[in-house]
Structure formats: structure tokens, C-alpha cells
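Here's the structure we're looking at; comments come further down.
Rule-based calculations on the coordinates, nothing more; no lab input. Just so it is clear, the model here is predicted, and its values are computed rather than measured. FYI the Cβ positions are ideal-geometry reconstructions off the backbone, even for glycines, and counts take in every protein chain you see.
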Amino acid sequence: MPILKEREKKLIAEKLNRNMENDVRLIVFTQDFECEYCATNRELMEDLASLSDKIKLEVFDFEKDYEKAQRWGIDKIPATAVFGIREYGIRFFGLPTGYEFPAFIDTIIDASRGTTKLQPIVKEKIKNVKEPVHIQVFVTPTCPYCPRAVRVAHQLAIENELIRADMIEAIEFPQLANKYDVIAVPKTIINDVVSFEGALPEMQFVEYVLSAIKPDRTINYR
């Protein structure tokens, strides 16, 4: 059953075909006995794949394709990974709907181009990341500020291959939200050692990333 309405499909197709440059793989993990949101997520990705010949959809079973899930850091479902010309470390855990959906489309476009619109000074700073970084951004579909935090995280993952950035829909993963004491969203956790709430400007976001790998670093927003 299609998730997107015909008018929505037309507008999205126009945007994708106008802006995408290279193929993008949407790697979806579900399972035979689909979780509450798995079927909807798979159907949404099928809708998107039908709108552009540059979007290649691959669907895997979370249990049967366990090795692939492990290799790509998929530890919960529904999950969607966005691959461009390389594996960018971009993950969506849960449905990217509501306010998150336009950001999801923009992430697909970024992945197709292999570059982002982050400020040049931010791109330069993120080159200082020389070790693995895991960013988790907790969101809800009704939060208007969440997409901004998710977009910055995913753009950083595109700019530096050592960064993996996850969008996590807090309502779908309540145990994880409780683990990280998610009371307000967006809430961002970096390497399980640094966290902050709110949609921060790019420069402040990067400073928190750098402070997570250098605990004695003083955060400088300028």
C-alpha cells in the first residue's frame, strides 16, 4: 500500500530528479514477522525508490542477514542506511516521518552528491576527527527543531568517514530513550560521553564532537 499521496510523489520526484547526481542505495532492515513500524518504513522506502531511477532499494531481514546488519552497525529495526558513492555512516532508526521527512529527502540528495552545504570553516574543523565518532540524535516526528540536529549530524558523517550518525525515533525505541535520559528532543549523544539538547548551530555542534574525543578540550563556538 503506497504511503505517499500522488501530489507528494510528484513534488518529491521533481526535487530528487532535479538535485540528485549519483545513485543512492537505501538499505532497509526489517524481518519476516515485521515490527510495529517495519512494514510502514519498508513501504515508504519502496515509494521513494519508485520516484527516481537513481534510488536503489535493498531490503534485508534483520535476523537472516545478521552478518550484514553487524557489518553496517544495524542493531535495531526499522532501520534505513543511506549509501552514496561510499558508505557514509548515515542511519535512520525508526520512521523518518513528520518534520523528519523533508530532512530525509535532503540527506538522500547530499549522499548522491557526496558533499554538503556545511560552512567551509565547519568542514575544516571536522577534519580534526581522526578516530571513530558515533553520534545519536533522538527525535520525535512532531518536533520542528529535530531535523536541524539530524541534518548537521548526517552532514558531518558525509564529510568525515570516521563519523557515524544515527537518527533515533524516541517513541519507537523507549528503552533506548530511557537509557540516555531523553526528556526533551532533539537530544544528541556523542560517543556516550558528551550530550546536549536542542538544535545547535553547526559550529557549536562540531565543538561538542571534538570535545567527545578530547575530553580536556575547551569548547569554543567561534
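Some values worked out for this structure:
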read-out	value
3J(HN,Hα) from dihedral phi, segment 20-26, Karplus parametrisation 6.51/-1.76/1.60, rounded to Hz, x for glycine, proline	6, 10, 10, 5, 10, 9, 9
Burial ordering of Met45, Met203, Met20, Met167, fewest other beta-carbon atoms within 10 Å first	Met203, Met20, Met45, Met167
Sum of -39500 (n - 2.57) over DSSP H runs of 4+, divided by residues of the chain (222 nm, nearest 500)	-11500 deg cm²/dmol
Calculated P(r) of segment 1-157 - Cα pairs past 26 Å, %	24
Sorted peptide list for 26-33, 66-73, criterion being average Cβ within 10 angstrom, highest first	26-33, 66-73
Segment 174-187 - phi-based ³J(HN,Hα) in whole Hz, Karplus 6.51/-1.76/1.60, Gly and Pro as x	x, 5, 5, 4, 5, 4, 9, 6, 7, 9, 10, 10, x, 10
Cβ-placed point charges (K, R +1; D, E -1), dipole of the chain about Cα centre in debye, nearest 20	880
Neighbourhood net charge (15 Å Cβ-Cβ; Lys/Arg +1, Asp/Glu -1) for Ala103	-1
Residue order, fewest to most beta carbons within 10 Å, for Thr116, Thr97	Thr97, Thr116
Kyte-Doolittle mean at least -0.5 and Cα axial length at least 18 Å: DSSP H helices in the chain	100-113, 146-159
Segment 116-215: C-alpha gyration tensor shape, a/c 1.5 cut-off, then a/b vs b/c	prolate
Rounded, prolate or oblate (a/c below 1.5 giving rounded, otherwise prolate when a/b exceeds b/c) for segment 1-88 by Cα gyration tensor	oblate
Gap separating the Cα centres of segment 84-121 and segment 1-66, nearest whole Å	14
Neighbour-count order for Arg164, Arg18, fewest beta carbons within 10 angstrom listed first	Arg18, Arg164
Whole-Hz couplings from phi, Karplus 6.51/-1.76/1.60, listed for segment 115-122; x for Gly and Pro	8, 9, 9, 4, 4, x, 5, 5
Antiparallel DSSP beta bridges within the chain, percent to nearest 5	50
